[in-house]
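See below for the structure under consideration.
The values are calculated or read from the model by the stated rules, or taken from the named source; none is laboratory data. Note that the structure is predicted; figures quoted are calculated from it, not measured. Here Cβ is always computed from backbone atoms with ideal geometry, including for glycine, and neighbour counts include all displayed protein chains.
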C-alpha cells in the first residue's frame, strides 16, 4: 500500500450522484472520522465497487488520500449488510433518519463511539422482532449522551430522590427535573426510570423488557426530540 493509500471501515452517511456514473460518498469510520470519497464509475452495471458499498452496511474500504476533502475509493468489500431493514418502510425511513442525524450531529473527526452507535442502531433495525420505534428512541438518547447532554436522572432539581407520588417537568437549562403536584407534570418517576435505562443501555433490546414499553416510550419521545433540537440542532 502506497503512502497515499489508507484502509478503514465505513458506513455510508450520505451519497450524491456526480457526473454520468460517479458518486460522492460520505463515510463514518471508527478511526478517520468522517471521510469524503468519490467512487468512480460506480453507477455502471459492471462496477466492482458497487457491491461493496451498499446503504445500511459496514464495509472494508481502501482509499487514495486526496489533496482536498475528497479521497478516491479504489476497493470495497461488505463486512455486514443489514438487508432486512429495506423489507419494512418504517425501518427504512428510520434508518435514513439515523444516517441523517448522525451526519448532522458529528464534526469531521468524531470519536469511534459514534461509529459503534450507528452500527448497533442499524443492527437493531435489522432484527425485525425488535420494535423500530424503541430502537430509534434508544439511538437518540445515546446520541445525546455521547454529545454530553444527558439530564440528571437520579434526583430532582431540589436534590430529592424521584417519587412515585409526584410528576415532573424538565428544566432544559439545568437539565434537571422539577417536581410538580401529581398529575400536573408530563413525566412520572416511571418515565424517568425508563429514560435512565435507555441512556445507560448498551443496546436497544434492553428497553423491550420494560412493561408496556411502547406506551412509556411514546411519553418520553417528545422530550428526547426536544433535546435533540435544542442541543444538537438536528
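General observations
- Looking across segment 162-182, just one residue is surrounded by 15 or more Cβ atoms within 10 Å (Cβ to Cβ), touching a helix residue (DSSP H, G or I) at 6+ places or on another chain (Cβ under 7 Å) and not in a strand (DSSP E or B), and that is 162.
- Only one entry in 185, 202, 159 is part of a loop (DSSP other than H, G, I, E, B), over 12 Å from the mean Cα position of the chain (by Cα) and closer than 30 Å to residue 30 by Cα, namely 202.
Yes/no per residue for (1) at pLDDT below 95; (2) more than 22 Å from residue 104 (Cα to Cα):
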residue: 38; (1), (2): no, no
residue: 42; (1), (2): no, yes
residue: 48; (1), (2): yes, yes
residue: 60; (1), (2): no, yes
residue: 68; (1), (2): yes, no
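- Members of segment 98-125 that are touching a strand residue (DSSP E or B) at 6+ places or on another chain (Cβ under 8 Å), crowded, with 21+ Cβ neighbours inside 10 Å and in a helix (DSSP H, G or I): 99, 102, 114, 115, 118, 122
- Residue in segment 130-148 that is part of a loop (DSSP other than H, G, I, E, B), under 22 Å from residue 214 (Cα atoms) and in contact with a helix residue (DSSP H, G or I) (Cβ under 6 Å, 6 or more places away or on another chain) present: yes
- Among residues of segment 71-97, those that are in a helix (DSSP H, G or I) and either free of Cβ contacts under 8 Å to residues at least 12 places away in the same chain or touching a helix residue (DSSP H, G or I) at 6+ places or on another chain (Cβ under 8 Å) (or both), counted: 13
- Subset of segment 132-161 (residues that are buried (at least 21 other Cβ atoms within 10 Å of the Cβ) and either touching a strand residue (DSSP E or B) at 6+ places or on another chain (Cβ under 6 Å) or within 11 Å of residue 205 (Cα to Cα) (or both)): 134, 135, 138
- The single condition among (1) assigned to a loop (DSSP other than H, G, I, E, B); (2) touching a helix residue (DSSP H, G or I) at 6+ places or on another chain (Cβ under 9 Å) that residue 152 does not meet is (2).
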